[in-house]
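Nothing in this text is a laboratory measurement; each read-out follows from the coordinates by a stated rule. These numbers were taken from a predicted model, which means no experiment stands behind them. Note that each Cβ is placed from the backbone with ideal geometry, even for glycine, and that neighbours are counted across all protein chains shown.
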Amino acid sequence: MHQFINGSYREGNGGQHQLINPATGKSVETLNVADSADVDDAVAAAKAAFPGWSRATPAERSEALHSLAAELGKRAEELARIETEQTGKTLRMSTEFDVPGSIDNAQFFAGAARHLQGQAAGEYSAEHTSMVRREAVGVIGSISPWNYPLQMAAWKILPAIAAGNTIVLKPSELTPGTTLLMAEAARDAGIPDGVINVVVGAGRVVGEALVTHRDVAMSSFTGSTAVGRRIMELASRRGNRVHLELGGKAPFLVFDDADVEAAARGAVAASLINGGQDCTAATRAYIQRPLFDAFVERVAELMSQVTVGDPTDPETDMGSLISTTHRDRVAGFIDRARAGGANIVTGGVIPEGLPAEAAFYSPTLITGLAQDAEAVQDEIFGPVLTALPFDSDDEGLMLANDTPYGLAASAWTTDLARGMRASSDIQAGCVWINDHIPMLSEMPHGGYKASGFGKDMSSYSLEDYTNIKHVMIDR
Ligand code: NAD
């Protein structure tokens with residue numbers, strides 16, 4: 001059963017959807033998806049649970065979140081297995097990254113629940129005292145993508161409920177398994193029925209019913225920029241708040257004093273993480289001209305050594321993409337770049353010897369593109385890195401900023417002053433120096449420009465799910 005409403009599993013009433021394992025092309029199970037009446041029931045459960053949960057003390061909410069972290073830990077193996085079966089990512093990644101990252105997030109927000117702070121200030125007269133309270137917003141309607149299903153569910157659910165909200169989450173219909181299991185773990189952790197509800201179904205039907213529901217006070221969303229804009233438009237009809245984590249096109253800037261070997265290794269790891277289906281993945285390498293040839297040669301060599309295949313095999317470096325439809329979309333970018341005269345240095349093919357009905361694609365490096373080429377400007381969301389040379393530092397920084405996106409970026413240099421300049425000049429929500437990808441629960445994640453606004457993880461995220469109230473007392 002694939003809806004989790006008011007503490008119980010049940011079937012949806014919106015018809016059936018086949019869940020496919022993208023690494024085999026075979027059906028995993030049939031989902032009974034939700035319809036708008038199921039969304040009504042889930043929102044009603046969240047609304048009913050709100051008064052009790054929002055009045056629980058921070059210590060009570062903290063304890064419940066610690067228990068949730070423990071319940072997730074008990075299910076670690078099952079969570080990793082389902083994550084891999086539904087996404088095609090390697091079991092090693094699910095086991096070592098997705099599951100422990102989500103448990104760490106639960107532990108972080110268990111602590112953060114007790115640190116929701118207002119302030120007392122600004123006395124109107126000698127007889128008055130003012131204070132600021134941070135209060136829960138209400139029922140949060142959340143929508144998450146397929147690339148990191150468990151972590152994205154964690155990033156949405158945990159800060160919202162730590163701050164005293166209740167939530168209805170719609171995961172991607174391609175990957176609902178671990179989100180449902182997280183809701184079940186929350187119930188077993190003693191989190192009251194109705195605080196966390198999961199509805200599974202298509203974005204156009206279930207997602208839009210959630211965003212436009214009269215009892216949803218705020219929509220939080222992770223996904224593509226196009227859908228994020230649609231959600232903003234729908235939410236604006238009721239004047240509702242939105243919190244949007246959208247697409248990215250991260251630049252990877254290599255200055256001429258960088259350690260080329262470290263930069264090449266970093267670029268391969270950061271462009272192929274999760275098959276490149278990562279909003280912060282390195283996608284555009286800009287290399288200062290003296291290092292360009294050496295960098296390209298080494299990246300191509302390392303990419304050609306990557307083992308693509310069965311995600312459950314511990315020897316596999318990169319599993320499949322999310323679907324053959326998405327694989328064909330990725331391949332389309334490469335085919336058009338090739339037809340336009342670009343140089344596919346390595347990859348650019350569907351690997352041989354793997355099931356034709358599965359969604360594998362080879363690690364790909366492209367040179368010879370113009371800055372305005374679609375492969376440089378648009379989010380491909382696959383294992384594809386473009387490499388372009390630059391001359392002056394100013395030019396490199398200008399190119400790094402020259403897309404609509406602004407989620408993440410990295411700069412590679414042995415000169416800290418150069419790195420610091422890059423960190424302030426690059427318009428992105430995260431800039432790494434001599435690294436690319438690591439994140440931690442304590443630090444905010446979120447975009448600039450077309451990559452959205454609002455923060456995930458960190459105490460900033462907790463605050464995003466609160467209202468600020470001024471209380472004045474005349475003594
Ligand atoms: P998507 O936008 O297609 O779908 C995301 C979610 O929105 C899914 O649950 C989908 O069913 C739902 N949806 C689709 N249309 C909808 C509509 N009209 N109304 C309401 N909901 C709707 O994205 P995706 O393909 O699942 O994920 C990939 C995208 O997510 C990439 O653009 C990636 O950069 C982005 N992403 C961003 C972050 C971040 O933190 N900024 C993290 C992960 C993924």
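Okay, helix-only estimate at 222 nm for the chain: each DSSP H run of n ≥ 4 adds -39500 (n - 2.57), divide by all residues, round to 500 deg cm²/dmol; what do you get? Provide the component values of the computation, followed by the final result.
Working: 15 runs with 180 residues, N = 475.
Per the formula, -12000 deg cm²/dmol.
Could I have the simple spin-label model distance between residue 236 and residue 289, label points 7 Å from Cα toward Cβ, reported in nm to one decimal?
Inter-label distance under the simple model: 4.5 nm.
Using a 10 Å Cβ count of at most 16 others and DSSP loop calls, identify the longest part of the chain lacking such GluC sites (Glu not before Pro).
Values: sites that count: 11, 123, 127, 315, 352, 357, 442.
Of all site-free stretches, the longest is 128-314.
Of 121, 108, 69, which is farthest on the positive side of the dipole of the range 43-123, counting Cα position, with +1 on Lys and Arg Cβ, -1 on Asp and Glu Cβ, and the Cα centre as origin?
Ranked along the dipole, the leading option is 121.
Be a star and scan the range 297-322 for residues whose amide nitrogen sits under 20 Å from the point 7 Å along the Cα-to-Cβ vector of residue 96.
Residues 302-321 qualify, since their backbone N sits under 20 Å from the label point.
For the chain, what is Rg from Cα atoms divided by 2.2 N^0.38 Å, rounded to two decimals? Write out the running numbers ahead of the final one.
Values: Rg = 22.9 Å, N = 475, 2.2 N^0.38 = 22.9 Å.
Against the compact-globule rule of thumb, the ratio is 1.00.
From the phi of every residue in the range 29-35, what ³J(HN,Hα) in whole Hz does the Karplus formula 6.51 cos²θ - 1.76 cosθ + 1.60 yield, where θ is phi - 60° and glycine or proline is x?
6, 9, 9, 9, 7, 7, 10
State whether the range 281-376 is rounded, prolate or oblate according to the following rule on the C-alpha gyration tensor (a ≥ b ≥ c being the square roots of its eigenvalues): a/c under 1.5 gives rounded; otherwise a/b larger than b/c gives prolate, and the remaining case gives oblate.
It is oblate, given that a/c is not under 1.5 and a/b is not larger than b/c.
Hey, how many Å between the Cα centroid of the range 128-198 and the Cα centroid of the range 336-404?
Here the two parts' Cα centres lie 36 Å apart.
What is the extension gain from residue 370 to residue 440, computed as 0.36 nm multiplied by their sequence separation minus the C-alpha to C-alpha distance, in nm to one decimal?
Working: separation 70, 0.36 × 70 = 25.20 nm, distance 3.48 nm.
Gain on extension, residue 370 to residue 440, equals 21.7 nm.
Hey, got the dipole for the range 51-94? About the Cα centre, +1 on K and R Cβ, -1 on D and E Cβ, debye to the nearest 20?
Details: 7 positive and 7 negative charges, 20 e Å.
Approximately 100 debye in magnitude.
Just name one of 343, 383, 271: the one whose Cα is farthest towards the positive end of the charge dipole of the range 252-386 (beta-carbon charges, Lys/Arg +1, Asp/Glu -1).
After comparing all options, I get 343.
Estimate the FRET efficiency between residue 121 and residue 343 by the formula 1/(1 + (r/R0)^6), using the beta-carbon distance for r and 60 Å for R0, to the nearest 0.05.
That pair, residue 121 with residue 343, gives E of 0.50.
Could you check the simple spin-label distance between residue 415 and residue 433, using points 7 Å along Cα→Cβ, in nm with one decimal?
Taking the simple label geometry, residue 415 and residue 433 are separated by 1.3 nm.
With contacts defined as alpha carbon pairs under 8 Å and 6 or more residues apart, what's the relative contact order of the chain in percent? List each step's numbers first, then the result.
On the way: 1131 pairs, mean separation 88.4, N = 475.
It comes to 19 percent, rounded to a whole number.
By how many nm would the segment from residue 131 to residue 304 grow when fully extended, if each residue of separation counts as 0.36 nm and the alpha-carbon distance is taken off? Working shown, then result.
Working: separation 173, 0.36 × 173 = 62.28 nm, distance 6.04 nm.
Between residue 131 and residue 304, full extension yields 56.2 nm more.
How much length, in nm to one decimal, is gained on full extension between residue 392 and residue 188, taken as 0.36 nm per residue of separation minus their Cα-Cα distance? Can you show the working numbers first?
Values: separation 204, 0.36 × 204 = 73.44 nm, distance 5.76 nm.
My answer for the length gained is 67.7 nm.
Give the percent of DSSP beta bridges with both residues in the range 201-320 that are antiparallel, rounded to the nearest 5.
Counting DSSP beta bridges with both partners in the range 201-320, the antiparallel share is about 0 percent.
What's the center-to-center distance, using Cα atoms, between the range 285-317 and the range 1-69 in Å?
Answer, in whole Å: 39.
Within the P(r) computed for the range 33-112, what percentage of the Cα pairs occupies the region above 14 Å? Mind dumping the intermediate values first?
Values: 2246 of 3160 pairs.
Pairs farther apart than 14 Å: 71 percent.
Treat every Asp and Glu Cβ in the range 35-124 as -1 and every Lys and Arg Cβ as +1, leave all other atoms uncharged, and give the resulting dipole magnitude about the Cα centre to the nearest 20 debye.
Numbers: 9 positive and 15 negative charges, 63 e Å.
The dipole magnitude comes to about 300 debye.
Return the sequence-ordered ³J(HN,Hα) values of the range 177-186 in whole Hz as given by the Karplus equation 6.51 cos²θ - 1.76 cosθ + 1.60 applied to θ = phi - 60°, using x for Gly and Pro.
With the stated coefficients, the range 177-186 comes to x, 6, 5, 4, 5, 5, 5, 5, 4, 5 Hz.
How large is the dipole of the range 243-354 about the Cα centre if only Lys and Arg carry +1 and Asp and Glu carry -1, each at its Cβ, rounded to the nearest 20 debye?
Working: 9 positive and 16 negative charges, 115 e Å.
The dipole magnitude comes to about 560 debye.
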